[in-house]
């Protein structure tokens with residue numbers, strides 16, 4: 001079983017055209033709603049962050065850290081639920097409607113989010129504990145920022161990206177099958193990506209670099225607008241719309257590319273199956 005990236009992208013484009021109205025609805029749920037929720041919390045404002053960085057002794061944000069963390073948890077659950085609902089809608093053999101998809105997505109999305117969280121925590125412990133055991137907590141503070149530490153951080157990031165590539169089909173598998181249990185989907189993704197893992201790894205590095213560059217450019221432009229204008233102006237509103245558009249493109253890519261790759265990973269039908 002192999003995965004052709006070209007065929008996967010072609011499948012993704014076909015899914016985007018076929019389900020464009022449904023995807024627009026899930027962009028509204030998975031991007032616009034979370035953006036509005038985060039906009040209600042001052043700590044997530046770029047203007048506030050820039051003010052704190054420019055003069056950390058003068059600018060403070062009142063309140064407890066519990067509120068922002070709680071809001072982040074809600075937003076993460078909404079985004080994961082919208083993704084699972086979208087995968088279910090575009091990949092399942094028969095659609096059951098938005099209400100059924102969203103109900104499924106909220107439950108399956110929480111399981112998918114929890115599995116990714118546990119995977120990330122486990123990977124973090126696995127890569128950090130050996131250094132802590134070797135140099136100790138005090139020694140860790142001393143090597144922080146050194147070339148050795150930065151090399152370790154780069155290797156850790158690359159290893160994490162590779163693992164993420166191996167599990168990239170898990171959400172699409174869950175959505176297509178309508179399952180709530182993520183472990184078998186992660187195992188199936190690991191199996192399906194085995195022969196194409198390095199091509200997929202390179203593709204996702206390039207994919208991430210493109211969005212990283214776009215995000216950095218938008219951040220610089222937004223920062224310049226904040227410095228040059230008063231709060232709430234037209235230019236700042238346009239920048240906010242730019243962030244929504246960028247997040248929407250990334251959200252759609254996170255749904256459509258794995259869905260297309262999953263379809264491309266399906267074994268070709270035999271002659272007997274074609275003429276059955």
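Mean projected area of the Cα convex hull of region 5-274, taken over all directions, amounts to 18.1 nm².
Residues considered: 28, 200, 129. Largest GNM mean-square fluctuation over the chain, using C-alpha springs under 10 Å, is found at 129. Result for the chain in a Gaussian network model with C-alpha springs under 10 Å: among 122, 136, 217, the largest mean-square fluctuation is at 136.
Relative contact order, percent, of the chain when contacts are C-alpha pairs under 8 Å separated by at least 6 residues? Averaging sequence separation for qualifying contacts and normalising by length gives 33 percent for the chain. To the nearest 10 degrees, how steep is helix 5-18 against the longest Cα principal axis of the chain, on a 0 to 90 scale? Helix 5-18 sits at roughly 90 degrees to that axis. Any chance you could give the angle, 0 to 90 degrees and rounded to 10, that helix 183-192 forms with the longest Cα principal axis of the chain? That helix lies at roughly 70 degrees to the long axis. Using the Cβ-Cβ distance between residue 4 and residue 157 with R0 = 35 Å, the FRET efficiency computed as 1/(1 + (r/R0)^6) comes to roughly 0.85.
Please work out the ratio of the alpha-carbon Rg of region 70-189 to 2.2 N^0.38 Å and round it to two decimals.
1.35
With the simple spin-label model, which puts each label point 7 Å out from Cα in the Cβ direction, the residue 77 to residue 92 separation comes to 2.1 nm.
From largest to smallest, the equivalent ellipsoid semi-axes obtained for region 132-252 from the alpha-carbon gyration tensor read 33, 28, 14 Å.
Rounded to the nearest 10 degrees, the inclination of helix 197-228 to the longest alpha-carbon principal axis of the chain is 40 degrees.
Where a number appears in this text, it was derived from the coordinates with a stated rule and is not lab data. Here the structure is a predicted model, which means the values were calculated and not measured. Cβ coordinates were reconstructed from backbone atoms using ideal geometry, including for glycine residues, and neighbour counts include every protein chain displayed.
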